[in-house]
Amino acid sequence: MDNLCKNRTHNDGELTIKNVGETVELKGWCAKKRNLGSLVFIDIRDKHGITQLRCDEKTASISSSIRNEYVIYAKGVVVERESKNKNIPTGDIEVDVTELKIINTSEQPPIYITDDVDAVSENVRLKYRYLDLRRKSMQDILKLRHNITRSVRNYLDNLDFTEVETPILAKSTPEGARDYLVPSRVHNGAFYALPQSPQLFKQLLMVAGLERYYQIARCFRDEDLRADRQPEFTQIDIEMSFVDLETLYSVLEGMFRKIWKDIKGIDNLTFPRMTWNDCMNNYGSDKPDLRYDMKLIDISSIFEDSDVEFLKGKVIKAIVAKNAASLYTRKEIDGLADLAKLFKAKGLCWVKVNNDTLEGASAKLITEKERELFKEKLNYENGDLILFVADEWLNAVNAMGQIRIAVAKKLNLAKQDEYKFLWVTEFPMYEYTDDGKLQAMHHPFTAYIEDDEKYIQDEPLKVRSNAYDLVLNGYELGSGSVRIYNQEMQKKVFERIGLTDEDINYKFGFFVEALKYGTPPHMGMGFGLERIAMILAGTNNIRDVVAFPKIQSATDLMNECPSSVDDDALALLGIKVVNKE
RNA sequence: GGUCUAGUGGUGUAGCGGUUAACAUGCCUCCCUGUCACGGAGGAGAUCGUGGGUUCGAUUCCCAUCUAGAUCGCCA
């Protein structure tokens, strides 16, 4: 067996017509065997590619017993093929095998290793992830992730950033997402929490004087999963001291320019900015997909004096879906209405434009006089479908934002290979929870815009914060903010959300303490690595860009975690499980 | 926790109130010297997710449940 552990002379993707005549030794997996009787072709595969082995009578006894996914060794001479395969780089040659050995056998694989992903259900792929990852497309994605982080590290290293690892075992924070807890053996009844983000640590590194920090940081959130959300994920985490916001923007834009240049060869990215308020008004979303336009148009003024009760005095937002009238059946429009209702709108109005007349359920709501203004505002043409919602401002924009997305999807407006970044700026500082309590929209260490200080007491929703998101193609890539370094401002922010000194001390004691010791002005941002990878890989499923992902129930189908542990282990931790499944 | 969708040989699908449960691929045996998703002949392999109900009869209809996905809530 020993000689089977020797190096191979070549990998399985590099032999070409230039190598003809050379004696080579290859190793890899049997990807496919084609048995023509006394002549057998075997495709040997490693991470570099596939080479065809030509096995005749000399090796018949071995070749006959080789099955898919056996690990094999082949020695032979590179020869030009009689019939060539233009589809693979090694298609001009084959190896005329003189020596063939089985290094390892394989059970019949539950999945066939092919790049036709649809050939296997995702659950089977996830259960046998190590086989799934043999597929070239999956290995390409792992390399893509590697290339992203490599670009990030290269870029930030050149700008004098220091990568620092922050703890995985940390202190539970009482706000935000649910924490994953880890029981302490030494201190029974006490728990570590896995970090939701390195937020507090990176700010402490600014207090410490690192000035420029980054980390490819693993984060954990015990919340329900989504197509773009995993309970553990990786954040490109960045923080800077002694810079202004423009500098931060340009550093971060430069990082994305480098990533896209390195990976896609694209160097014409632009980074427009829009305030949160404009964004909500124009697109009904704080993460709009700008690959298509179809802005929300405000037509409230047209119906100010309407006799129709549910239009009068309401905020009315409309979209014009170009040439969509004939594409939507009544039933499909009803589906859109259901969607609008799901987002708290009371209903959805629609009209189709046909020969300059308005047709459809809502046409009768619009008087002759209003029609002129309607036409002028919306600038519609024959064949267009007009959809609008009348409601309170937030409900109207939210609902129409969702309608805009749904219509764009049906009309296939977004191009796969287009990349539209957007900075969304000036997020509100505060928001109300469902039970009527005021809370910080981002986090309570975010600085507000000083001009708005006058609103804090009486009109807190008008206070804008120095928080910003970077959005790409409808995904939130990351968010960040200018942090509070001024004790007075911090006090005001805490006070307004009703935190007493006691609360503050209990929740953020060590952190607030640290900020008292000469905190420099600082700001930063965190980006979801998986979302970046998803977009670059052209997938809309985060599991595709994670080597060993968890499914919607937060379990791992391969290693079957989480799992119960034996009573001794629990006793050591002072833990008793009450409702054991 | 809510809503919607799906569960049929190893894998991917079809089907239907009464079928020998179909097809492809994979697997096994045999034939084949130019294949490359090789081809040809034959064969094995499925209590149709689970439990109840309706029915003379259920894989099919109904209810429950489990599992998976999408989504709302949630994700400061």
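Tabulated results
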| quantity | calculated |
| --- | --- |
| Projected label distance in nm at A:LEU36 and A:GLU513, using a 7 Å step from Cα toward the beta-carbon | 7.9 |
| Virtual spin-label span in nm between A:GLU122 and A:ASN268, 7 Å along Cα→Cβ | 3.4 |
| Qualifying lysines (Cα of each under 22 Å from Cα of A:LYS143; at least 8 residues distant if same chain) | A:LYS27, A:LYS47, A:LYS127, A:LYS258, A:LYS261, A:LYS264, A:LYS550 |
| Sum of -39500 (n - 2.57) over DSSP H runs of 4+, divided by residues of chain A (222 nm, nearest 500) | -8500 deg cm²/dmol |
| Solvent-accessible area per residue for chain A (1.4 angstrom probe, square angstrom) | 51 |
| Where trypsin sites (Lys or Arg not before Pro) fall in DSSP loop in region A:469-539, at most 13 other Cβ within 10 Å | A:LYS516 |
| Cα-based radius of gyration of chain A once divided by 2.2 N^0.38 Å, which approximates compact folds | 1.22 |
| Partners for A:LYS312 among lysines (Cα-Cα distance below 18 Å; same-chain residues under 8 apart left out) | A:LYS346, A:LYS364, A:LYS369, A:LYS377 |
| Potential extension, A:ASN323-A:GLU502 segment - 0.36 nm per residue separation minus Cα distance | 58.4 nm |
| Whole-number percent relative contact order across chain A, with pairs defined as alpha carbons under 8 Å at least 6 apart | 13 |
| Rough spin-label spacing in nm, given labels placed 7 Å along Cα→Cβ, for A:GLU560 and A:LYS344 | 4.4 |
| Low-density loop cleavage sites - trypsin sites (Lys or Arg not before Pro) in region A:82-132, where at most 15 other Cβ are within 10 Å (DSSP) | A:LYS84, A:LYS86 |
| Region A:11-117 - convex hull of alpha carbons, volume per residue in Å³ | 101 |
| Per DSSP, loop GluC sites (Glu not before Pro) in region A:20-70 with at most 15 further Cβ within 10 Å | A:GLU22 |
| Largest-first principal axis extents of the Cα set of region A:468-549 (Å) | 48, 24, 23 |
| Rounded to whole Hz, the Karplus (6.51, -1.76, 1.60) HN-Hα couplings of region A:259-270, x for glycine and proline | 4, 5, 5, 5, 9, 10, x, 9, 9, 10, 6, 10 |
| Efficiency of FRET between A:SER64 and A:SER137 - r from beta-carbon atoms, R0 30 angstrom, step 0.05 | 0.45 |
| FRET efficiency estimate (nearest 0.05) - Cβ-Cβ, A:GLU57 to A:ALA177, R0 51 angstrom | 0.20 |
| Local electrostatic count, A:ASP92, Cβ distance below 12 Å [Lys/Arg +1, Asp/Glu -1] | +1 |
| Globularity ratio of region A:327-380, using Cα Rg and 2.2 N^0.38 Å | 1.24 |
| Accessible-area composition of chain A, carbon plus sulfur, in percent [1.4 Å probe] | 48 |
| Cα Rg, Dmax, region A:107-248, angstrom units | 19.7, 61 |
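The values are calculated or read from the model by the stated rules, or taken from the named source; none is laboratory data. Computed from a prediction, not measured in an experiment: that's the story for all the values here. Methodologically, a virtual Cβ is constructed for each residue, glycine included, from the backbone with ideal geometry; neighbour enumeration extends over all protein chains shown. Only protein heavy atoms, including side chains, enter the accessible area calculation; ligands, DNA and RNA are left aside. Shrake-Rupley method; radii C 1.70, N 1.55, O 1.52, S 1.80 Å.
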